[in-house]
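Peer 1: Structure incoming, see below.
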Ligand code: ATP
């Protein structure tokens, strides 16, 4: 019996609504796989927490994240509660730096049953790997009311480790749907920015360690076009922090929206798993948020835990979660408003949990 301690950080807005469904999925996994147990404990985080306590990431929450086997995060930040400099409260970004979660893994997978987004309804399936600890998020400067700047910080160790992660990820995945080739696409702006030319140079150096994987390049502006026009060409896409942030949202758009896009922020010792979307204040409290991204993020958490231990049951459970999501999305009664349906958040979570539990008998 494997017992995993999971720190649960629901956060703000729809965070707690989708988290409730993620927890249902974990309970269903326990029912279907008797060898797996999750000790889940909830901790405060986010903008509302800042308003009430003066901090967005209390030290008890941070310590719990460090001590846990993994962290399942909802969403944090609200437009009307900000830092004095006007920026939004983002404890999830602080966690990436404090826990050294350098790899932001964002699967971009189109499930059957989701209404077509792109012409021809291509079966999109690749991973965006976002560098999480440097790039344009490394720190900025504001001088009085006159000037502010953010610098693109690219270091050799930071780039080597994310690019190496990208190639290893490609090695473990099926080839691109278009031609079956495993390839890593370097997304940058190497034609203009010195920092990005350096990023590409290091990409090329690391690529030599992986002769079996094809290398590929795209400037970030052209990449937005390719993601729409030929998304079946990709296996793994690697980018610095800000570019990775932008193309992740575009990628989510190509597979049906933010409510379907999970993510994992991992380092060598810690992992935080959360949907790619934010707190969606426009729909919060209405019970209509799509919980699939949160449920799939819980699946990514099991995959990561299962690889580290290693734990075959945990990795099998991931497949059960993904199959349950697939079955649920094939039934339009379980489409939330973002997919053109009328299903409630809880009904979708129940449907996925029921499907997971069926894995027990099948
Ligand atoms: P962040 O900057 O924190 O990523 P954001 O401001 O980019 O957040 P989101 O909170 O992700 O924005 O919301 C973007 C849009 O997607 C909103 O219209 C929101 O309602 C919608 N959205 C986000 N998540 C979901 C979800 N789980 N279900 C349905 N709609 C969602």
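Peer 1: Can you tell me which residue within region 311-329, out of those that are over 17 Å from residue 105 (Cβ atoms) and at pLDDT below 95, is nearest to the ligand (Cβ to nearest atom)?
Peer 2: So the residue we want is 316.
Peer 1: What residue, among those in region 292-310 that are under 10 Å from the mean Cα position of the chain (by Cα) and within 8 Å of the ligand (Cβ to nearest atom), is nearest to residue 257 (Cα to Cα)?
Peer 2: So, considering only residues that are under 10 Å from the mean Cα position of the chain (by Cα) and within 8 Å of the ligand (Cβ to nearest atom), the one nearest to residue 257 (Cα to Cα) is 293.
Let's see how each residue does on (1) modelled with pLDDT under 95; (2) within 16 Å of the ligand (Cβ to nearest atom); (3) surrounded by fewer than 22 Cβ atoms within 10 Å (Cβ to Cβ):
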site	(1), (2), (3)
25	no, yes, no
44	no, no, yes
56	no, yes, no
70	no, no, no
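Peer 1: Which residues, counting only those in region 29-74, are part of a helix (DSSP H, G or I), within 30 Å of residue 324 (Cα to Cα) and under 20 Å from the mean Cα position of the chain (by Cα)?
Peer 2: Correct list: 65 only.
Peer 1: Next question, about the same structure. Pick out the one residue from 264, 207, 218 that is within 13 Å of the chain's Cα centre (by Cα) and at pLDDT 95 or above.
Peer 2: 264
Peer 1: Do we find a residue being at pLDDT 95 or above, touching a helix residue (DSSP H, G or I) at 6+ places or on another chain (Cβ under 9 Å) and away from the ligand (no atom under 14 Å from the Cβ) anywhere in region 339-350?
Peer 2: Yes, region 339-350 contains a residue that is at pLDDT 95 or above, touching a helix residue (DSSP H, G or I) at 6+ places or on another chain (Cβ under 9 Å) and away from the ligand (no atom under 14 Å from the Cβ).
Peer 1: If you go through region 28-42 one residue at a time, do you hit one that is touching a helix residue (DSSP H, G or I) at 6+ places or on another chain (Cβ under 8 Å) and within 16 Å of the ligand (Cβ to nearest atom)?
Peer 2: Within region 28-42, not a single residue is touching a helix residue (DSSP H, G or I) at 6+ places or on another chain (Cβ under 8 Å) and within 16 Å of the ligand (Cβ to nearest atom).
Peer 1: Oh, and also: May I ask you to say which residue of 289, 280 is outside any helix (DSSP H, G or I), surrounded by fewer than 24 Cβ atoms within 10 Å (Cβ to Cβ) and within 16 Å of the ligand (Cβ to nearest atom)?
Peer 2: Unique residue meeting the criteria: 280.
Peer 1: Given (1) in a helix (DSSP H, G or I); (2) surrounded by 20 or more Cβ atoms within 10 Å (Cβ to Cβ), where does residue 160 come up short, assuming only one miss?
Peer 2: (2)
Peer 1: Applying the selection to region 82-102, what residues are away from the ligand (no atom under 13 Å from the Cβ) and free of Cβ contacts under 8 Å to residues at least 60 places away in the same chain?
Peer 2: Within region 82-102, 83, 84, 85, 86, 94, 97, 98 qualify.
Peer 1: Also, I was wondering about something else. Tell me which of these residue 269 doesn't satisfy, since it passes every other one: (1) more than 17 Å from residue 348 (Cβ to Cβ); (2) assigned by TED's automatic domain parsing to the domain that holds residue 322; (3) more than 13 Å from the chain's Cα centre (by Cα); (4) within 14 Å of the ligand (Cβ to nearest atom).
Peer 2: Looking at each condition in turn, residue 269 falls short on (4).
Peer 1: How many residues are buried (at least 17 other Cβ atoms within 10 Å of the Cβ) and either closer than 13 Å to residue 69 by Cα or without any contact (Cβ under 8 Å) to a residue 40 or more places away in the chain (or both) when one looks only at region 299-310?
Peer 2: 6
Peer 1: Next question, about the same structure. Kindly provide the set of residues from region 207-221 that are within 15 Å of residue 237 (Cβ to Cβ) and in contact with a strand residue (DSSP E or B) (Cβ under 9 Å, 6 or more places away or on another chain), ordered by number.
Peer 2: Listed by number, the residues that qualify are 207, 213, 214, 215, 216, 217, 218, 219, 220.
Peer 1: Scan (1) surrounded by fewer than 24 Cβ atoms within 10 Å (Cβ to Cβ); (2) under 30 Å from residue 35 (Cα atoms) for the single condition residue 250 breaks and write down its number.
Peer 2: It fails just one condition, (2).
The values are calculated or read from the model by the stated rules, or taken from the named source; none is laboratory data. Since the model is a prediction, treat every value here as computed from it, not as a measurement. Ideal geometry is used to build each Cβ from the backbone, glycine not excepted, and the neighbour counts take in all protein chains shown.
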